[in-house]
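J.: First the structure, then my questions, so here it is.
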Amino acid sequence: MKQIARIKDIAIQAGVSAGTVDRVLHNRGRVSESARTRIKEAMERLDYEPNIMARALVSSGEYRIAAIIPDPAKDEYWKAPFQGVDEAEEQLRQYGVVVDKFLFNQKDVESFKQEAQKVSANHYSGILVAPIFYRESLAFLSKWKQEGIPFNLFNTHIPDYEPVSYVGQDSYQSGLLAGKLLHYGCKDPGTFLVVHLDEQVTNSTHLIRKEQGFLDYFEEHLLSGYHVARTEIDFWEDSIRFEAHLKKLISDYPDLRGFFITNSRSFVLADFLLKHKINHFQLVGYDLLSRNRELLNSGVIDFLINQNPHGQGYWGVKLMADYLVFKKQVEQIKYLPLDVVTKENMQYYE
């Protein structure tokens with residue numbers, strides 16, 4: 001990843017003080033021609049865009065960005081985008097960029113609405129939001145659009161409200177990929193089960209898109225003998241009820257070959273299989289959570305699709321800064337790679 005040079009980097013390269021660099025950038029105060037020349041040469045070596053940089057530094061105020069993100073203390077998945085936001089803020093702080101994080105409980109829609117209302121009540125230069133509650137997000141996106149407040153989306157895309165940029169996975173494409181992985185891993189025809197371990201499936205467009213991509217893989221390839229079933233489990237934390245439900249599903253589909261878990265909770269189903277010593281199913285899921293990595297390494301999970309959540313947070317802030325501070329035309333959609341992770345290559349992602 002390209003590092004953003006700082007004033008002190010230019011100063012070191014040019015052999016001058018940071019104050020001298022500042023005077024040249026702002027065209028104020030007396031600076032010798034030799035020092036001025038060295039500073040300009042240093043900026044070129046560091047691949048600076050002097051005019052853009054000067055505009056950013058001349059600004060008298062801060063660029064305050066609000067990041068509305070699920071609380072990582074309640075779900076490990078969100079630690080990575082949280083850290084990505086922090087990394088981007090650290091790199092952009094010299095340009096006056098400040099990021100305020102508003103954390104909500106991803107299981108509680110009212111929690112999301114409360115945090116989004118707090119953001120709306122303040123005057124932010126831009127907003128980064130994970131709109132995992134689709135219906136409740138629409139009112140806020142509409143309000144921010146009417147008020148001319150730029151916003152970026154990450155994790156879940158809602159294109160109709162014209163965000164500055166969306167950063168994240170192509171959910172439909174990842175569903176196609178999951179279908180291909182299960183098909184290749186199970187050459188014998190049978191049934192594959194799409195498992196939504198989520199409380200708000202009908203309100204989560206990215207999960208629906210994943211399922212559609214998975215279904216379309218088998219329909220487009222006209223695969224004889226392969227069938228897809230689905231289940232929604234919003235009670236996976238109730239172990240007794242959860243286990244009874246899974247046992248019934250396995251009984252109901254005697255030709256069951258494998259599972260596609262549509263979010264980062266693959267470990268929930270994998271732990272069930274491990275507990276009951278069931279080892280003849282293929283399992284594909286998402287994300288490198290610590291327990292997922294352990295189960296991948298032990299062979300209970302066959303494939304994990306890495307959605308690069310750290311990059312979602314990082315690029316969400318970075319692209320907003322490019323738009324606000326540097327006045328750049330940014331990508332409307334920045335799809336991050338869908339990496340297929342196995343126990344053989346997992347070490348490269350740790």
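J.: Restricting region 94-134 to residues that are in contact (Cβ under 8 Å) with a residue 60 or more places away in the chain, closer than 22 Å to S264 by Cα and part of a helix (DSSP H, G or I), which is least open to solvent (accessible area, probe 1.4 Å)?
T.: Ranking the qualifying residues of region 94-134, first place goes to V109.
J.: I've got another one for you. Restricting region 26-57 to residues that are among the aliphatic types (A, V, I, L, M) and at pLDDT 60 or above, which is most open to solvent (accessible area, probe 1.4 Å)?
T.: Quick first cut of region 26-57, residues among the aliphatic types (A, V, I, L, M) only: 31, 35, 39, 42-43, 46, 52-54, 56-57.
If we keep only those that are at pLDDT 60 or above too, we end up with 31, 35, 39, 42-43, 46.
Numbers: V31: 24, A35: 8, I39: 0, A42: 0, M43: 10, L46: 50 Å².
Residue satisfying both the conditions and the ranking: L46.
J.: Kindly list, by first and then second residue, each pair from a residue in region 199-219 that is among the charged types (D, E, K, R) to a residue that is open to solvent by 10 Å² or more (accessible area, probe 1.4 Å), limited to pairs with Cβ atoms under 7 Å and residues at least 6 apart or on different chains.
T.: E199/K107; E199/D234; R209/S171; R209/Y172; K210/S171; E211/R230; D216/L176
J.: Here's something else I'd like to know. Six or more apart or on different chains, Cβ atoms under 6 Å: show the pairs whose first residue is in region 172-189 and within 19 Å of P337 (Cβ to Cβ) and whose second is assigned to a loop (DSSP other than H, G, I, E, B).
T.: Sorted first by the residue in region 172-189, then by its partner, the pairs are S174/L338; L177/L338.
J.: Show the residue pairs meeting these rules: Cβ distance below 8 Å; 6+ apart or different chains; first residue within region 316-328 and aromatic (F, W, Y); second residue open to solvent by 30 Å² or more (accessible area, probe 1.4 Å) and outside any helix (DSSP H, G or I).
T.: Pairs found: F326/E49.
J.: Continuing with this model, one more query. Hey, R64 hits all of (1) open to solvent by 60 Å² or more (accessible area, probe 1.4 Å); (2) within 20 Å of Q307 (Cα to Cα) but one; which does it fall short on?
T.: (2)
J.: Taking region 288-335, which residues are at positive phi and touching a Pro at 6+ places or on another chain (Cβ under 7 Å)?
T.: Filtering region 288-335 down to residues at positive phi leaves 299, 308, 327.
Residue satisfying the conditions is N308 alone.
J.: If G225 satisfies every condition in (1) touching a residue at least 24 places away in the same chain (Cβ under 8 Å); (2) on the phi < 0 side of the Ramachandran plot; (3) open to solvent by 30 Å² or more (accessible area, probe 1.4 Å) but one, which is the exception?
T.: Evaluating G225 over (1) touching a residue at least 24 places away in the same chain (Cβ under 8 Å); (2) on the phi < 0 side of the Ramachandran plot; (3) open to solvent by 30 Å² or more (accessible area, probe 1.4 Å) leaves (2) as the failure.
The values are calculated or read from the model by the stated rules, or taken from the named source; none is laboratory data. As the structure is a prediction and not an experimental result, all values here were calculated from the model. Counting neighbours? That spans all protein chains shown, and the Cβs are built from the backbone with ideal geometry, glycine included. Accessible surface areas use protein heavy atoms only, side chains included; no ligands, DNA or RNA. Shrake-Rupley method; radii C 1.70, N 1.55, O 1.52, S 1.80 Å.
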